Structure formats: C-alpha cells, structure tokens
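A.B. asks: If you scroll down you'll find the structure; I have some questions about it.
The values are calculated or read from the model by the stated rules, or taken from the named source; none is laboratory data. Everything numeric here is computed off the predicted structure, so don't read it as measured data. Neighbour counts are summed over all protein chains in view; Cβ atoms, including those assigned to glycine, are modelled from backbone coordinates with ideal geometry.
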Amino acid sequence: MNTEIQIGDNSLGDNPLTVPETLMPEQEISNGFEQFKLNKQLLSAIAEAGYLSPTPIQAKAIPMILDGHDILGIAQTGTGKTAAFVIPIVMKIKYAQSPYPKALIITPTRELALQITEEVKKLTAYTDLRHLCLYGGVGAKAQTEAIQKGVDIIIATPGRLMDIYLAGNLVLKELKIMVLDEADRMMDMGFMPQINSILEVVPRKRQNLLFSATMPDRVVRLTENFLAFPLRIEVTPQSTPAQMVTHFVYHVPNFKTKINLVGLLLQNEDFKKVIIFAKTKENAENIYKFIHRKIEKSVRVIHANKGQNSRINAMDEFKKDDVRVLVATDVATRGIDVSNVSHVINFDVPFVHEDYIHRIGRTGRALHEGIALTFCNKAEVYHLQKIEKIIKSPIPVKELPANLVVEETPFEENQQQLLDIDYQRRKEDPNFKGAFHEKKRKNEDRKKQYEDKHKAGTSKASFYKKNAKNKR
Ligand code: AMP
C-alpha cells in the first residue's frame, strides 16, 4: 500500500446510506451480527469481510458502545478488538454529515493506524462515510488538504494529530466518540503529553473507549482521567498470551547458534509464514542478511532505520504471501496485522516484558492456530522468568534439534552476557557486589594507588613491578 492518505469513497452522493440495497452484494447477510440490530449497510460489509460470528470482545463491546457507555477494553490484538469499536462507530455516525470529524481513533504507530484504516475502509464500504489516516514521517500538506474536504472518522498517531491541530487545520468541536487504542503502548512510547493535550481540546461531552493489552498502574490512572463510569471488558485474563498460540523456549547459548537454529527451522516447510523479532536494528539487519544470503530470498526486514515506504511495502508483500519471512524489531510489532502467521520466532527474549505478549499475539490471530518460539541465552533467562511471572505460567522448554551446530560463545559476547547477569543481580539486590563490580573497583583502587605514588615521585614502571611482586 503506497497511498499516504486514505479517504472513504465519497463519490456516492449526499444522501444518507447512499448505496441502494439492490446494489449490495447478493450474499447471505444473516449471521451472528444480526443480534446487534445493525443496519443493512454494515451487515453487508461485515459479511463481505468474511466475519461469520462476533468474537467474544465484539459480542460484549458492540451492544455496550451502541448504548453509549464508556468502555475499558482489555484485549490483545488478534481478538477482533478493532472491529469491536469500528462497527458501533460506523453504526452511530451512519452517514456523512458536516465537514468535521465525529470520531477520532488514536493509536501509537503508523502501521497500526494503517491497519485500523483498512478495517474502517472495509466496514464503511456501503456508506458514504469519509475516513482519513494521519501519521508522521510524511509531509503534512496532503493530509491537511484532505481534512479540508471533510472527514467523519480520523485515525491518527498522537504527534501528527496534535501538529495538525495546533497549526489550526483541524476542527474537533463536533467530536462525539474518541478511542485510545493500545493505550499501554502509547504510554511506553512516551505519548502521554500529546494525549493530555488532545484531551484538553476535544469536547467534554463525548463517548470514550480505551483499549489496552495490559493494565499497568499508569494505564489505570489514565483510565480514571479519561473514562466516565466505564464498563470493563476483559476478553482474556490479564496478560495471558493469545489463546490459540502454542509457545516454547529454546535455550541457545549465543548469537551464531541462534542464527544456525533459524536456518534449521526455516528448512521445515511447516514454517509457512514467519515473523522473526529481534531486539535491535543491528540484530534484525544481521538476521535478515544471513537468511537472505544462506536460506531464503523470500525475506524482508522492517525496523526504525528503514524508510516509511520500504516498511509499508515489506508489510504488504508479507501480508500478500509474496514473502515468507519478515524480520522485525519491536518498533513495528504493534502494527502488524497479518492473518495466518504460522510461526513467531523471538530471536531475543524481549526485555520490555509485556512485549512478549504483543509479539506472540502476531500469530494465532482470530481463530487461527499459531506457534511462538523464543530463543534464550543465559543472560536472557532473567527476562524469561519475568515474562513467565507476567503470563502466570512457565513457557515449556524444547530440546535443541540434534543436528543443530552449537557454536562456541565468542569471548566478547560471553563477557557481555556476564555483565548483563551481573547487572540483573545488582538490580534485584542492591547489596550484591558482582564480580565485574569488584574487578572494576579493584582496577580503580589500583589506578588511584598508582596516581598517588606517581604524585609522590614513584615511576609507573617501578609501581607495576612492585605491584606484580606483591601479587606473586
Ligand atoms: P484485531 O484484534 O482487531 O487486530 O483483529 C485481528 C484480525 O481478526 C483482523 O484480521 C480482523 O480482520 C479479524 N477479525 C475481526 N473480527 C473478526 C470476526 N468476527 N471473525 C473473524 N475474523 C475477524
């Protein structure tokens, strides 16, 4: 998808619900969504999207939102939560009215914004509702011009939305419904100031919906400010991985062995559509290069250093099954909505522990089964244990394949792992004086001793000679 802006098809004229029923698809639109008393335009769009029955969050949220309640939804991606708020929004706004937006959906990343936009596009297909996606990283001019043409539903990342608003190019006074999606991630990404500014400029009387995959304390505080008497909907117990995902951990000693393991796993044809997560851009780039050179040309990589178009193109190719493997950092994780991902590989254990849930949520999406595999070295066991605490269950360990080439851990990598372990121990126990700490302290003591002696006229050579003698 190369378009920077997507606007709902406004060519259908000015009448409300302009598509005559006779022009709607012939298909059977009687399905589990009829219970919500949606209009025919929506039921047709839902049927065309292939949704046969509401997912649990949709079953709970749609009637409550239609009734006008504020909602606190605790749900991961893959549960159908986007349609859970888009369907009632479309039902409530019904048709294009004034030029000013009635609904605003705020979301942390542009990938996620684009994904929601696709859902909105699908679900408004038989209405004249206009939608617009606003995100940074591209010029604001075209987006601003699109706003002037009139828009009903805006999907936006917080920074760009505020920039356009502050430039005086957006009127929010007719806003009736506002959604904060992936609230936990928005806070992790430091968007709180922008969200607060947005809350100051939108009308007080409005319906608010907040969705979050996890509920850390700071999100609870946000809900207290943002929501009025909210109804809470929790589709899975807090912080449990997506239901359909089977997950395992492999204990792998070092980077090179992890690479060998990726190579081995990708030989298996069951790994049809694979996302590999890496903790840094460098790791992602290295994994990508290795796969591309040695195993599979059908691979793309997305991380923060990749340009906007390259990221969108990579996602598109992966979505369309044109490429088999996508390597990604967490930057893009939340936005990834691809169905039928067969395997998620966590090349590194995520050190933002909640990310584990988001990462493995990429597989096992709405009603498809998926497998998530995590590679863990000795310095990552700490993070693995933290994750197991959050998801309240151990992740089963899988034996390394017998034909895996296990490499020696290079000296520097080993040192880094030991340093990490040292740091983790000190973090847990401030009184712990790790080996590295000791060594560093001794070195500093010795340096100080040398400087003192030097000041007193002792030569460097004689000092070390003496020191070495003492050691023996
Ligand atoms: P979400 O949790 O919003 O990221 O949705 C995950 C995926 O489920 C998306 O690809 C949706 O198109 C799909 N989906 C949403 N609602 C349904 C439904 N009722 N039945 C089947 N798939 C759905």
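A.B. asks: Would you please name the residue that is nearest to I357 (Cα to Cα), looking only at residues in region 54-69 that are more than 10 Å from the ligand (Cβ to nearest atom) and free of Cβ contacts under 8 Å to residues at least 40 places away in the same chain? Reasoning before the result, please.
C.D. replies: Going through region 54-69, the residues more than 10 Å from the ligand (Cβ to nearest atom) turn out to be 60-69.
After this cut, where a residue has to be free of Cβ contacts under 8 Å to residues at least 40 places away in the same chain as well, the list is 62-63, 66-67.
Values: I62: 25, P63: 28, L66: 30, D67: 31 Å.
Restricting to residues being more than 10 Å from the ligand (Cβ to nearest atom) and free of Cβ contacts under 8 Å to residues at least 40 places away in the same chain, the top hit is I62.
A.B. asks: Report whether or not A113 is touching a residue at least 12 places away in the same chain (Cβ under 8 Å), under 20 Å from D316 (Cα atoms), more than 12 Å from the ligand (Cβ to nearest atom) and in contact with a strand residue (DSSP E or B) (Cβ under 9 Å, 6 or more places away or on another chain). Before you say what the answer is, go through the steps one by one.
C.D. replies: Values: touching a residue at least 12 places away in the same chain (Cβ under 8 Å): yes; under 20 Å from D316 (Cα atoms): yes; more than 12 Å from the ligand (Cβ to nearest atom): yes; in contact with a strand residue (DSSP E or B) (Cβ under 9 Å, 6 or more places away or on another chain): yes.
Spelling it out, A113 is indeed touching a residue at least 12 places away in the same chain (Cβ under 8 Å), under 20 Å from D316 (Cα atoms), more than 12 Å from the ligand (Cβ to nearest atom) and in contact with a strand residue (DSSP E or B) (Cβ under 9 Å, 6 or more places away or on another chain).
A.B. asks: Can D355 be described as of a type in the set (D, E) and modelled with pLDDT under 80?
C.D. replies: Values: of a type in the set (D, E): yes; modelled with pLDDT under 80: yes.
Considered against the rule, which asks whether it is of a type in the set (D, E) and modelled with pLDDT under 80, D355 comes out as yes.
A.B. asks: Filter region 321-345 for residues that are within 14 Å of the ligand (Cβ to nearest atom) and out of contact with any His (no Cβ under 7 Å at 6 or more places or on another chain); which is modelled with the highest pLDDT? Steps first, answer last, please.
C.D. replies: Looking only at region 321-345, we keep the residues that are within 14 Å of the ligand (Cβ to nearest atom), and these are 333-341.
Okay, now just the ones that are also out of contact with any His (no Cβ under 7 Å at 6 or more places or on another chain), so 335-338, 341.
Working: G335: 55, I336: 58, D337: 61, V338: 66, V341: 83.
Step by step, filter region 321-345, then rank; the result is V341.
A.B. asks: Of all the strands (runs of 3 or more DSSP E) wholly in region 117-184, which have at least 1 residues that are small (G, A, S), buried (at least 24 other Cβ atoms within 10 Å of the Cβ) and in the same structural domain as M215 (by TED's automatic domain parsing)?
C.D. replies: Values: elements: 131-134, 153-156, 177-180.
By residue number, 153-156.
A.B. asks: Looking at the structure I just gave you, is P101 part of a loop (DSSP other than H, G, I, E, B), within 14 Å of the ligand (Cβ to nearest atom) and crowded, with 16+ Cβ neighbours inside 10 Å? Quick ask: steps written out before the conclusion?
C.D. replies: Working: part of a loop (DSSP other than H, G, I, E, B): yes; within 14 Å of the ligand (Cβ to nearest atom): no; crowded, with 16+ Cβ neighbours inside 10 Å: yes.
Here the answer is no, as P101 does not meet what is asked.
A.B. asks: Right, another one. As an exercise: evaluate L72 against (1) within 13 Å of the ligand (Cβ to nearest atom); (2) under 21 Å from the mean Cα position of the chain (by Cα); (3) farther than 30 Å from A314 by Cα and give the number of the one condition it does not meet.
C.D. replies: (1)
Results for (1) among the charged types (D, E, K, R); (2) not in a helix (DSSP H, G or I), shown as yes or no for each residue.
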| site | (1), (2) |
| --- | --- |
| S197 | no, no |
| K205 | yes, yes |
| L209 | no, yes |
| R218 | yes, no |
| L222 | no, no |
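A.B. asks: Considering every residue within region 133-141, establish whether at least one is in contact with a Pro (Cβ under 8 Å, 6 or more places away or on another chain), among the small types (G, A, S) and farther than 23 Å from G80 by Cα. Walk me through how you get there before you give the answer.
C.D. replies: As a first pass, look at region 133-141 and keep what is in contact with a Pro (Cβ under 8 Å, 6 or more places away or on another chain): none.
No: region 133-141 contains no residue that is in contact with a Pro (Cβ under 8 Å, 6 or more places away or on another chain), among the small types (G, A, S) and farther than 23 Å from G80 by Cα.
A.B. asks: Turning to a different aspect of this structure: What residue, of A314, A284, A304, is closer than 21 Å to T363 by Cα and either modelled with pLDDT under 90 or in a strand (DSSP E or B) (or both)? Write out each step before concluding.
C.D. replies: Working: A284 fails: either modelled with pLDDT under 90 or in a strand (DSSP E or B) (or both); A304 fails: closer than 21 Å to T363 by Cα.
Sole residue among the options that is closer than 21 Å to T363 by Cα and either modelled with pLDDT under 90 or in a strand (DSSP E or B) (or both): A314.
Residues are listed down the side, and each one gets a yes or a no for (1) more than 7 Å from the ligand (Cβ to nearest atom); (2) at pLDDT 95 or above; (3) under 13 Å from L209 (Cβ atoms):
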{"site": "K40", "(1), (2), (3)": "yes, no, no"}
{"site": "A47", "(1), (2), (3)": "yes, no, no"}
{"site": "L52", "(1), (2), (3)": "no, no, no"}
{"site": "K81", "(1), (2), (3)": "no, no, yes"}
{"site": "V86", "(1), (2), (3)": "yes, yes, yes"}
